[in-house]
Amino acid sequence: MSSALSSPAWLQSLRQTARDRLESDGLPGRRDEAWKYTDVGRLEVMAYPLAERPGSPDLTAAPASGERTQLILVNGFLHSAPAQLPAGVSLTRLQDAQEVPALLGRLLPEQGKSFATMNSALFEDGLVLQIEAHTDLEHPIELISLGQADGPPVAFHPRLLLVMGKGARATLVERHAGQGQYFSNSVAELLLAEDSCLSHYVLQDEAMTAVHLALTALRQDRGSRYQAVLVQTGGRLSRHEMLPFLEGEGASFSIEGAYVARDQQHIDNTTFVVHRAPGCQSQQVFKGVLAEASRGVFQGSVLVERTAQKTNAHQLSKALLLSDRAEMDAKPELEIYADDVKCGHGATIGDIDENALFYLRARGIDDKTARQLLINAFVAEVVESIADDSVRAAFLAALAQHLSHLEATA
Amino acid sequence: MSDGMDQVRTLADQKYKYGFVTDIEADVAPKGLNEDIVAFISAKKGEPDWLLAWRLKAYRLWLTQSEPTWGRLHHAPIDYQDSYYYSAPKRKDGPKSLDEVDPKLLETYEKLGVPLHERAILAGVAVDAVFDSVSVATTYKGKLEEMGVIFTSMSEAVAKHPELVRKYLGSVVPYADNYFATLNSAVFTDGSFVYVPPGVRCPMELSTYFRINAQNTGQFERTLIIADRGSYVSYLEGCTAPMRDENQLHAAVVELVALDDAEIKYSTVQNWYPGDENGKGGIYNFVTKRGACRGRASRISWTQVETGSAITWKYPSCILQGDDSVGEFYSVAITNNYQQADTGTKMIHLGRNTRSRIVSKGVSAGHADNTYRGLVRIMPKAERARNHTQCDSLLIGDQCGAHTTPYIESRNPTARLEHEATTSKISEDQLFYARQRGLSQEEAVALIVNGFCREVLQQLPMEFAVEAQKLLAISLEGSVG
């Protein structure tokens, strides 16, 4: 906590408020409805000590930056950033900001138990990325968060605030990876001003011994567009939570998620979409493959407030269970207070479609290959909507690598 | 839609047709709830010691429990001490035929459109009519007895068939199940008991009319239906209540047990007083209904048409224990004004090849909130289990809410689960299409709403379908049709 000493007064007070709240409200557990299926309370990770700034981190997990603007966090500390940022982009660390950045923390739940509060109390190098109005970034910004616990386990709390100016267009790639036993509890706040457009590609490929919690909260103003692809393959327990607020008329939100779990992995995808303005759209599709004794969770909630007429909201969760020890829990929820809406959800859980398998077998493809084809196609479809070729290839490779471990059970 | 809205408003202004009070001197226990009251109820009914002990065990547990708060429901706190827990119509030596039944009671049924004797004769329906808490008339008993079917009030069953009651009571909904079921276990006054012996197909639909009558009397019905091997029974339950300003608590428990190859069909039309157009009054309906498909290839089907009550908290469920057993849930829930409904089902798949089907239709108008809440759980041994769930919501007006909260849990890879839900208003296109065919706005809305609910309504037995339509007529769709 050495950095806390040198941090500005506003940050110290923000942390103090968060610490007080953490103490009074505590962290969510299984008895809290939103955490019914993902039990973090029983994990020992809460006792992990905060990570120190690593001396000489191992960066092998970070891909070459290519043309991307690459920011690397190691255990929550900013390790490297390009000396020259693209025009219209600025980067500051929160502790260097003399004033509290507008809207910091505004999207996060203001009361009750929350891991975001823990993040606010404990984050190290909080990043603020600003993209000026009408900037059109050609190449993605890539944020890599690496966890490194070579010795005893550690905890860290990455924090990002991204502010997109009016009409700005950008692609943000987020990667989470690492080695050893660690607990990563990240929070990202994204603000999309009018008519801005953000593509957000997240690859959660943490160490299989890690625990990963992430909350992405976003506010969308009028006519803004947000399109996310979220791939989760790593971590012994992980939960990615999306909390979009559609505040401006005609905003559109879309997320496509894929996850592959094996062994005793537990992967949770939770979204809570809040429609506040008329004429907005939200789309969610999550597809998962669960092998061995893994467990998948989908909680997708859509709240349509009275003001959000002409809302179009859909969500779909599909899961393949490949083992008799695997478990899938889905809770697609609709809470609707406006009448002129089209909302729907669907959820399916099952194994590989026998008809599809038969079709492939009839074409002379052996059982094992046929199953692999069907499983790969099932999840790979999600990644196809990534526009950037190199990013798509990297995500596909990560999926393929994890899928190859499933052969034994598939 | 503005015409459609007018229809809804017209409807909202309609007075509750069945709101009247019959003045019958009731045999009432003192107000409030304590161990003495529990003992009073038990003594009044001449119950055996084991049942009193069971009631007291429930009561003591209830004191330590707290009301569930997870439902999407808002209401003023319920004062459990401000209610009467026992009230029975006066009886001489117990009526042996319709002639002996208090004519005032019969008159009440007349007003309700349930001409007991006529209906029984014409429709061949045996009616175990529950007025307040005690059965006052049963018909067609002879015919049922001939076939070995036991269809009596719960009190009578306790007296005459204690071995069956003791074996099955609380075996599906244990006394510790939940706050309201525990309360019911402590203070239940009466209800129906049905036992269908092996291989018997019950020759008629069994029905009971519940009616809350005496002022400030909560209703705590307890129903137990057992279908022995290879038997079949269809049970109909329907209710209306007089108009009231004070909220009345209703916490019923229904337990169904289906053994090998047995089938139980349980249909409900619920039209209790929903409160007035400002949300004043109305019945609080906290019901625990659960069926156990214990035997292999057994089948339990719940059908409900919920149009009444200020608050509905009800989840008729199936525990599919036997291999190849089937559970079904068909529901229409209509809320208007300030009504709140939080209803759905639970399908727990334990056995192999178990199948379940859920069809839920919610219609919400006025300032009402309508929530479907359901659980489908596939346990590891439930090989090749199947579930299909469809829940649709229709919104009429921009001040109401429609919500869907399903929980879908699978722990078997050979199981297949499908869930679909939609929420929308009546589409302009559909209306336009119907209008274009020469239907009035009113007819068009009625047609569409009826079509929306049809899948469920057609599950109702014939006799009940008529009643259901009658009840819907004073509810939402009726006003536009």
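The values are calculated or read from the model by the stated rules, or taken from the named source; none is laboratory data. Only a predicted model underlies this, so the values are computations on that prediction, with no experimental measurement involved. Heads up, the Cβs are rebuilt from the backbone with ideal geometry, glycines too, and the neighbour counts pull from every protein chain shown.
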Inset, instruction - Give just the number: which of (1) within 9 Å of chain B (Cβ to nearest Cβ); (2) at pLDDT 95 or above; (3) part of a loop (DSSP other than H, G, I, E, B) does A:Ala319 not satisfy? - result: (3)
Legend entry - Residue within the range A:367-379 that is in contact with a Gly (Cβ under 8 Å, 6 or more places away or on another chain), under 24 Å from A:Leu396 (Cβ atoms), more than 9 Å from chain B (Cβ to nearest Cβ) and surrounded by 20 or more Cβ atoms within 10 Å (Cβ to Cβ) present: yes
Legend entry - Selected residue (only one of B:Arg416, B:Arg437, B:Arg384 is within 7 Å of chain A (Cβ to nearest Cβ) and either surrounded by fewer than 24 Cβ atoms within 10 Å (Cβ to Cβ) or over 26 Å from the mean Cα position of the chain (by Cα) (or both)): B:Arg416
Inset, instruction - Filter the range A:292-308 down to the residues that are out of contact with any strand residue (DSSP E or B) (no Cβ under 7 Å at 6 or more places or on another chain) and either free of Cβ contacts under 8 Å to residues at least 12 places away in the same chain or of a type outside the set (D, E, K, R) (or both), then identify the one that is surrounded by the fewest Cβ atoms within 10 Å (Cβ to Cβ). - result: A:Thr307
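Within the range A:89-108, take every residue that is outside any strand (DSSP E or B), out of contact with any Gly (no Cβ under 8 Å at 6 or more places or on another chain) and not hydrophobic (A, V, I, L, M, F, W, C) and give me the one that is nearest to A:Leu215 (Cα to Cα). Steps first, answer last, please.
Taking the range A:89-108 first, the residues outside any strand (DSSP E or B) are A:94-108.
With out of contact with any Gly (no Cβ under 8 Å at 6 or more places or on another chain) added as a condition, the list becomes A:96-108.
Narrowing the set further to residues that are not hydrophobic (A, V, I, L, M, F, W, C) leaves A:96, A:98-99, A:101, A:105-106.
Numbers: A:Asp96: 23, A:Gln98: 26, A:Glu99: 24, A:Pro101: 19, A:Gly105: 12, A:Arg106: 13 Å.
Of everything passing the filter in the range A:89-108, A:Gly105 is nearest to A:Leu215 (Cα to Cα).
Of the residues in the range A:29-51, how many are in a loop (DSSP other than H, G, I, E, B) and modelled with pLDDT of 90 or more?
Matching residues across the range A:29-51 total 6.
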Inset, instruction - Report yes if B:Ser424 is within 21 Å of the chain's Cα centre (by Cα), farther than 27 Å from A:Tyr37 by Cα and at pLDDT below 95, otherwise no. - result: no
Inset, instruction - For A:Leu334, state whether it is facing chain B (nearest Cβ under 9 Å), in contact (Cβ under 8 Å) with a residue 24 or more places away in the chain and of a type outside the set (Ser, Thr, Tyr). - result: yes
Legend entry - Identity of the residue in the range B:340-354, assigned to a loop (DSSP other than H, G, I, E, B) and of a type in the set (Ser, Thr, Tyr), that ends up surrounded by the fewest Cβ atoms within 10 Å (Cβ to Cβ): B:Thr345
Inset, instruction - Would you point out the residue of the range A:203-215, among those that are crowded, with 24+ Cβ neighbours inside 10 Å and without any contact (Cβ under 8 Å) to a residue 40 or more places away in the chain, that is nearest to A:Ala261 (Cα to Cα)? - result: A:Gln204
Inset, instruction - Return only the number of the condition from (1) farther than 24 Å from A:Arg93 by Cα; (2) free of Cβ contacts under 8 Å to residues at least 40 places away in the same chain that A:Ser80 does not satisfy. - result: (1)
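So which strands (runs of 3 or more DSSP E) stay within the range A:148-212 end to end and still have 3 or more residues that are hydroxyl-bearing (Ser, Thr, Tyr)? I'd like the intermediate steps shown before the answer.
Numbers: elements: A:159-164, A:169-192, A:197-204.
Of the strands (runs of 3 or more DSSP E) lying wholly inside the range A:148-212, those with at least 3 residues that are hydroxyl-bearing (Ser, Thr, Tyr) span A:169-192.
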Inset, instruction - Return a yes/no flag: does the range A:226-235 have any residue that is assigned to a loop (DSSP other than H, G, I, E, B), free of Cβ contacts under 8 Å to residues at least 60 places away in the same chain and surrounded by fewer than 24 Cβ atoms within 10 Å (Cβ to Cβ). - result: no
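Table: residues versus (1) within 14 Å of B:Leu224 (Cβ to Cβ); (2) under 20 Å from the mean Cα position of the chain (by Cα); (3) not in a helix (DSSP H, G or I).
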site	(1), (2), (3)
B:Phe151	yes, yes, yes
B:Arg166	yes, no, no
B:Gly170	yes, yes, yes
B:Thr182	no, yes, no
Inset, instruction - Determine which single condition A:Thr270 fails, assuming it passes every other condition in (1) assigned to a strand (DSSP E or B); (2) within 12 Å of another protein chain (Cβ to nearest Cβ). - result: (2)
Legend entry - Identity of the residue in the range A:323-340, buried (at least 22 other Cβ atoms within 10 Å of the Cβ) and not in a strand (DSSP E or B), that ends up modelled with the lowest pLDDT: A:Asp339
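Quick one: is A:Ala313 under 30 Å from B:Ile426 (Cβ atoms) and not in a strand (DSSP E or B)? Even if it seems obvious, please write down each step before you answer.
Working: under 30 Å from B:Ile426 (Cβ atoms): yes; not in a strand (DSSP E or B): no.
Taking the combined requirement at face value, the residue does not satisfy it.
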Legend entry - In the range B:219-230, residue surrounded by the fewest Cβ atoms within 10 Å (Cβ to Cβ) [restricted to those that are modelled with pLDDT of 95 or more and closer than 17 Å to B:Thr152 by Cβ]: B:Asp228
Legend entry - The lone exception for A:Arg222 - which of (1) in contact (Cβ under 8 Å) with a residue 40 or more places away in the chain; (2) in a strand (DSSP E or B) it fails: (2)
Inset, instruction - Assess whether B:Arg357 counts as being assigned to a strand (DSSP E or B), more than 22 Å from B:Lys265 (Cβ to Cβ) and modelled with pLDDT of 95 or more. - result: no
Inset, instruction - Scan B:Val376, B:Val359, B:Val332 and give me the residue that is within 13 Å of chain A (Cβ to nearest Cβ), within 22 Å of the chain's Cα centre (by Cα) and not charged (D, E, K, R). - result: B:Val376
